[in-house]
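Here it is, the structure in full.
The values are calculated or read from the model by the stated rules, or taken from the named source; none is laboratory data. None of these values were measured; they are calculated from a predicted model. We place every Cβ from the backbone using ideal geometry, glycine too, and count neighbours over all the protein chains shown. Heavy atoms of the whole protein, side chains included, go into the accessibility calculation; ligands, DNA and RNA do not. Shrake-Rupley method; radii C 1.70, N 1.55, O 1.52, S 1.80 Å.
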Amino acid sequence: PPLLSPRLQNDSWGKQYSHALFKAMSHMLCIGYGQQAPEGMTDVWLTMLSMIVGATCYAMFIGHATALIQSLDSSRRQYQEKYKQVEQYMSFHKLPGDTRQRIHEYYEHRYQGKMFDEENILGELSEPLKEEIINFNCRNLVANMPLFANADPNFVTAMLTKLRFEVFQPGDFIIREGTVGKKMYFIQHGVVSILTKGNKETKLSDGSYFGEICLLTRGRRTASVRADTYCRLYSLSVDNFNEVLEEYPMMRRAFETVAMDRLDRIGEEQLLGPARPLGDKAP
């Protein structure tokens, strides 16, 4: 149908343009102009103004509603956006299917569908608040580990603030024989196997720790550590390890005493290689 009615064919170009614009906006904005069409020029322009205001309010409502819905679970949205990048990365490099599945399972167990910038959040807090949160987050680790349960609370706090959370999948080698020891690990949850040269396996579980002997001697690992289940661990670097123990020399001697006891059990002659059988008494 013609955009202009026959009665406007002989009108001035201003009237024709105004009515044409009115019709176009009515269709584009999907906003009606009521039961009766405007007749005069004043009615035409006022109706268009009201349609613009209505469309703006509608857009603002939709925008605010969308932002509200997204803000209700921003951590899950951040995780989904991050994992989309991971999927595109895997597709770009044409990774095999089994590797993609392991990466997917890692993200599911590591982040559990939510992602936070934890370092930034904790970095903005005061030291007392930061220590309180870290102690709360690691309460299960402290409760299950005799070393922490019987130690100076200040030492425990100093140690916990240096830990870094890590996740390993079944079959992952956390430590490989012959490598230089740069970390020790505390097991929050999971089971690992200590593999020695004599093919003797020692199982470690919640509340155990391993890898400290190489930090004490700066030597190489003489045993491997393999994750048997999904393992949630806390790692401590050699620099942070020595930094904390410089302030608490009694705890260094406690670590050394337990390390010597472990080496006696597995028959090693050098201070290398992690091992801690279940049921070890705390130093």
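At 1.4 Å probe size, with every protein chain present, just tell me what the per residue accessible area of the stretch 125-228 comes to in Å².
Values: 4730 Å² over 104 residues.
Value returned for the stretch 125-228: 45 Å² of accessible area per residue.
7 Å from Cα along Cα→Cβ at both E81 and W45: what's the point-to-point distance in nm?
In this crude label model, E81 to W45 measures out at 4.4 nm.
Stretched out fully, how many nm does the piece from R164 to T257 gain, at 0.36 nm a residue minus the Cα gap? Let's see the in-between values first.
Values: separation 93, 0.36 × 93 = 33.48 nm, distance 2.50 nm.
Between R164 and T257, full extension yields 31.0 nm more.
Sticking with this structure for a sec: Provide the per-residue ³J(HN,Hα) series for the stretch 65-78, in order, calculated from phi with Karplus coefficients 6.51, -1.76, 1.60 and θ = phi - 60°, each as a whole number of Hz, with x at glycine and proline positions.
With coefficients 6.51, -1.76 and 1.60, one gets 5, 5, 5, 5, 5, 5, 6, 5, 9, 5, 5, 5, 5, 5 Hz.
Mind putting a number on the dipole of the stretch 81-199 about its Cα centre? Charges go on the C-beta only, +1 for Lys and Arg and -1 for Asp and Glu, and I need it in Debye to the nearest 20.
On the way: 15 positive and 16 negative charges, 103 e Å.
Dipole size: approximately 500 debye.
Let me ask another. Can you give me the Cα centroid spacing of the stretch 106-138 and the stretch 172-197 in angstrom?
If you average the Cα positions of each part, the centres end up 24 Å apart.
Suppose R0 equals 45 Å; then what is the FRET efficiency for Y106 and Y58 from their Cβ-Cβ distance, rounded to the nearest 0.05? Display every interim value, and only then the final one.
Values: r = 43 Å, r/R0 = 0.97.
After rounding, the FRET efficiency stands at 0.55.
What is the stretch 144-237's relative contact order, in percent, from Cα pairs under 8 angstrom and six or more apart in sequence?
Values: 198 pairs, mean separation 40.4, N = 94.
It comes to 43 percent, rounded to a whole number.
For the stretch 95-155, which GluC sites (Glu not before Pro) pass both filters: DSSP loop (anything but H, G, I, E, B) and at most 16 other C-beta atoms within 10 Å?
Values: sites: E105, E108, E118, E119, E124, E131, E132; in loops: E124.
Of the GluC sites (Glu not before Pro), the ones in loops of the stretch 95-155 whose Cβ has at most 16 other Cβ atoms within 10 Å are E124.
For S91 and I121, what is the calculated FRET efficiency with R₀ set at 30 Å and r taken between the beta-carbons, to the nearest 0.05?
Working: r = 31 Å, r/R0 = 1.05.
That pair, S91 with I121, gives E of 0.45.
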